[in-house]
1. Looking at (1) out of contact with any helix residue (DSSP H, G or I) (no Cβ under 9 Å at 6 or more places or on another chain); (2) over 28 Å from W12 (Cα atoms); (3) in a helix (DSSP H, G or I), which is the only condition N66 fails?
2. Which one of these does L37 not meet: (1) surrounded by fewer than 16 Cβ atoms within 10 Å (Cβ to Cβ); (2) modelled with pLDDT of 95 or more; (3) part of a helix (DSSP H, G or I); (4) not small (G, A, S)?
3. Anything in the range 19-64 that is touching a Phe, Trp or Tyr at 6+ places or on another chain (Cβ under 8 Å) and either farther than 13 Å from Y4 by Cβ or among the β-branched types (V, I, T) (or both)? List them, or say none.
4. Do any residues in the range 16-45 that are at negative phi have Cβ atoms under 6 Å from those of residues that are in a loop (DSSP other than H, G, I, E, B) and among the small types (G, A, S), where the two are at least six apart or on different chains, and which pairs are they?
5. Does any residue of the range 18-31 turn out to be at pLDDT below 95 and in a loop (DSSP other than H, G, I, E, B)?
6. Return the total of residues in the range 14-39 being within 14 Å of the chain's Cα centre (by Cα) and of a type in the set (A, V, I, L, M, F, W, C).
Amino acid sequence: MNQYGRRAQTYWQQHLPTQYAQIANPTSFFEEMGEALAQQIDELADAIANRTPSTGDFMANLGRLNGARQEAEMEVLREMLPQPETTAAQTDEATVS
């Protein structure tokens with residue numbers, strides 16, 4: 001399982017315990033999810049990095065590529081991971097506020 005699969009599994013265990021408990025084979029599920037996330041992140045990071053031209057400066061290019069990967073990770077994980085479960089107490093607080 002890659003890093004994205006592990007991150008997704010930990011997220012589901014902590015924030016979506018009811019849904020996590022319903023997964024028949026968590027290892028396989030999160031291995032597949034991790035691979036899909038990695039592919040989407042790679043594609044988006046390439047697209048982001050290609051928005052700005054490469055310079056002759058190695059460190060500037062490295063920073064540009066690292067920044068593109070971080071931005072892609074944040075965007076893909078935010079889009080692909082479900083919102084945390086809300087408890088009855090959290091729902092009550094939201095309606096009172």
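1. (2)
2. (1)
3. Hits for the range 19-64 are Q19, Y20, I23, P26, I41.
4. Listed by first residue and then by second, the contacts come to nothing, as the list is empty.
5. No; the residues of the range 18-31 include none that is at pLDDT below 95 and in a loop (DSSP other than H, G, I, E, B).
6. 5
The values are calculated or read from the model by the stated rules, or taken from the named source; none is laboratory data. Here the structure is a predicted model, which means the values were calculated and not measured. When we count neighbours, we look across all protein chains shown, and the Cβ atoms used for this are built from the backbone with ideal geometry, even at glycine.
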